[in-house]
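One structure is given here, and the rest of the page talks about it.
The values are calculated or read from the model by the stated rules, or taken from the named source; none is laboratory data. Small disclaimer: the values here were computed from a predicted structure and weren't measured. No Cβ is skipped: glycine too gets one built from the backbone with ideal geometry, and neighbour counts run over all protein chains shown. Remember, those area values only see protein heavy atoms, side chains included, never the ligands or the DNA or RNA. Shrake-Rupley method; radii C 1.70, N 1.55, O 1.52, S 1.80 Å.
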Amino acid sequence: MSRAPEQPMYPAWRRIVGAGFAFLLLMAITAQAGADTKTRLQAARKRLAQIEAQVETRSARLAELRADVSEVGRRVEEAHDAVRATQIELSETRGRLADANRRYRALRDLLEARARDAYITGPGSSLAFLLGSQTIAELSERVELVEAVAQNDAELAAQVEVLRSALEAERARLEQVRRRQVALQEALEAEEAR
């Protein structure tokens, strides 16, 4: 039993044709996969450019918002400073007003006492005082004394009037400072609410 040389099941040309088909099929799959990869890569690059543009836009907006916040903070601090300055001015004005009130009351009380004394002694008391002089020298001294008292009373009345005017001016200034403080406080609250 001798064996005949074995014949391959598939002749060589069939193997070459099969290998060629396999190669062509592999090339078609690879080409399609390469084209699909290129498309996906281009889409990814496009999406990356869009995201970068969004990040840049949002970064610019964030910088604007930071600048706005900084500006608002500066204005709020200025408003706080203005309110504090107004409070100090208000306190100083109240102190000056209290001092002026005390001086005014003291001078007014002194003037009222002088008027009361003049009323009690009557209008002829100065005349009786002058006529009670024994000598011309004594009369001269008494005239000077009566004139000095009258001058002193007139100066006292003038001081009371000047102080009353100054007191009214301080009261008006106090009211002006109060109004300015209210306006500043309202502006501060509005600025803080932003």
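Enter the angle in degrees (range 0 to 90, nearest 10) between the Cα long axis of helix 136-193 and the first principal axis of the Cα atoms of the chain, meaning the one along which they spread out most.
Rounded to the nearest ten degrees, it is 10.
Count charges around Glu112 for me, please; just the other residues with Cβ under 12 Å from its Cβ, Lys/Arg as +1, Asp/Glu as -1.
It works out to a net charge of +1.
State the label only: which of (1) 9, 35, 35, 18, 3, 0; (2) 9, 38, 36, 15, 2; (3) 7, 13, 10, 9, 8, 8, 7, 6, 5, 5, 4, 4, 3, 3, 2, 2, 1, 1, 0, 0 corresponds to P(r) over Cα pairs in 10 Å bins from 0, in percent computed from the shown model?
Label of the calculated value: (3).
Please give me the summed charge of the neighbours of Val72: other residues whose Cβ is under 12 Å from its Cβ, Lys and Arg +1, Asp and Glu -1. All intermediate terms of the calculation are to be shown ahead of the outcome.
Numbers: positive: Arg66, Arg74, Arg75, Arg194; negative: Asp68, Glu71, Glu77, Glu78, Glu191, Glu192.
Surrounding charge for Val72 is -2.
Quick one: helix 12-121 against the long Cα principal axis of the chain, what's the angle to the nearest 10°, folded into 0 to 90?
With both axes taken from Cα atoms, the answer is about 0 degrees.
Which residue, chosen from Ala98, Ala53, Gly122, occupies the Cα position most advanced towards the positive end of the dipole of the chain, where the dipole is computed from +1 (Lys, Arg) and -1 (Asp, Glu) charges on Cβ about the Cα centre?
Ala53
Which value, in Å², gives the accessible area per residue of the chain when a 1.4 Å probe is used on the protein heavy atoms? Numbers along the way, then the final one.
On the way: 15420 Å² over 194 residues.
Counting only protein heavy atoms, the per-residue value for the chain is 79 Å².
Rounded to the nearest 500 deg cm²/dmol, what is the calculated helix-only ellipticity per residue at 222 nm for the chain, with -39500 (n - 2.57) per DSSP H run of length n ≥ 4?
-34000 deg cm²/dmol
When ranked by the protection proxy of mean other Cβ atoms within 10 Å per residue, highest first, what sequence do the peptides 175-181, 134-140 form?
Packing proxy ranking, top to bottom: 175-181, 134-140.
Tell me the net charge near Gln54. Cut-off is 12 Å between Cβ atoms, Gln54 excluded, with +1 for each Lys or Arg and -1 for each Asp or Glu.
Spelling it out: positives minus negatives among the neighbours equals +1.
What's the magnitude of the charge dipole for the stretch 103-194 around its Cα centre, counting Lys and Arg as +1 and Asp and Glu as -1 at the beta-carbon? Answer in Debye, nearest 20.
300
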